[in-house]
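Below is one structure, written out as structure tokens, with a few remarks after it.
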Amino acid sequence: MTKPNQRPGPNEPAWWFIVAAGELVLGRDEPLPPHGMAAQMPMPDLSEYKIVFLGELRERNCYLVLADYGDTQFAELGEFGNVRELLTVGDEALFAIAARAKQVSEFLSTHRFCGRCGVRMHEVDWELAMHCHSCQHRCYPRISPCIIVAIRKGRQVLLARGKRHPEGLFSVLAGFVEAGEAIERTLEREVMEEAGIKIKNPRFVGTQSWPFPHSLMIGFTAEWESGELRLDPFELEEGDWFDIDKLPRIPSAGTIARRLIDRLKTEIDQETESRG
Ligand SMILES: [Zn+2]
């Protein structure tokens, strides 16, 4: 079990996830969190900082160090940057711990007061939670499940550009699971709402923690069953069925969206081969 209060020793080689305002200190040469013994690194006195044990990465402990926005004490270790930059490293386990660091920091900064009775909350020392001693309300980090689905129709894949996507970047459909909803139902509902079509044969592929700010992406592939494409103009700017060999710009490697598109490509290529 994770012991959130575990403290690092001065000569303990560890990974340091230094977070301020949702950004993470990353090395200048390579976008990696600093790693090594605190006593031998250009680090300030860590007893001045709130530290949370996050877990292990390749047999080394990982610690979250909560810094303040604009803190220059870590400048020799790197610069504050977006956790997203870590995707380029192609290390899933490292990205997962960084995602945890960002979400724990978000949790602690947004749960200082009780949502039920308004008094100051306190950290629980044996689990990662905030507790109100006045009314006994206890909070855990918020995780928002979200489905993400790559849909095919023959050799074509449905891709769309959301309102917040950069110009020219197309991705698969995604949407949040609503309170009280089964994930199967979210899949049908989101695809119908966003694209006006019915799907069949949904297949679970995998999940990815997506700390912007606290989503858990649950990835599927599925097949078109019926209906004409009718995009939701409130959510999507543009979208269409694209031939698997003529895709527009799609999300980068390391994202679950890319993994789902690659999965469909492999499936389609294998079918083409077996037909000779
Ligand atoms: Zn309370």
> What pairs come up if the first residue lies in the range 132-158 and is in a loop (DSSP other than H, G, I, E, B), the second is away from the ligand (no atom under 16 Å from the Cβ) and among the basic types (Lys, Arg), and their beta carbons are under 9 Å apart, counting only those six or more places apart or on different chains?
Replying inline: PRO141/ARG100
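For the range 189-276, which strands (runs of 3 or more DSSP E) that fit wholly inside it have 2 or more residues that are within 21 Å of the chain's Cα centre (by Cα) and of a type in the set (Val, Ile, Thr)? First the steps, then the outcome.
Numbers: elements: 198-210, 215-226, 236-243.
Correct list: 198-210, 215-226.
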> Within the set of pairs 6+ apart or on separate chains, which have a first residue in the range 263-276 that is under 13 Å from LYS153 (Cβ atoms), a second that is open to solvent by 60 Å² or more (accessible area, probe 1.4 Å), and C-beta atoms under 8 Å apart?
Replying inline: ILE268/ARG155
>> Take residues that are surrounded by 14 or more Cβ atoms within 10 Å (Cβ to Cβ) and free of Cβ contacts under 8 Å to residues at least 60 places away in the same chain and tell me which of the strands (runs of 3 or more DSSP E) falling wholly in the range 1-115 contain 2 or more.
In response: 13-20, 35-37, 50-57, 60-66
>> Which residue is nearest to the ligand (Cβ to nearest atom), if the candidates are limited to the range 97-135 and must be touching a Gly at 6+ places or on another chain (Cβ under 9 Å) and closer than 19 Å to LEU216 by Cα?
In response: GLU106
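Answer yes or no as to whether GLU235 is touching a residue at least 12 places away in the same chain (Cβ under 8 Å) and more than 24 Å from GLY90 (Cβ to Cβ).
On the way: touching a residue at least 12 places away in the same chain (Cβ under 8 Å): yes; more than 24 Å from GLY90 (Cβ to Cβ): yes.
Yes, satisfied.
The values are calculated or read from the model by the stated rules, or taken from the named source; none is laboratory data. Just so we're clear, the structure is a prediction, and the values are computed from it rather than from any experiment. For neighbour counting, all protein chains shown are included, and Cβ atoms are generated from backbone atoms with ideal geometry for every residue, glycine included. Side chains are part of the model used for accessible areas, which takes the heavy atoms of the whole protein and leaves out ligands, DNA and RNA. Shrake-Rupley method; radii C 1.70, N 1.55, O 1.52, S 1.80 Å.
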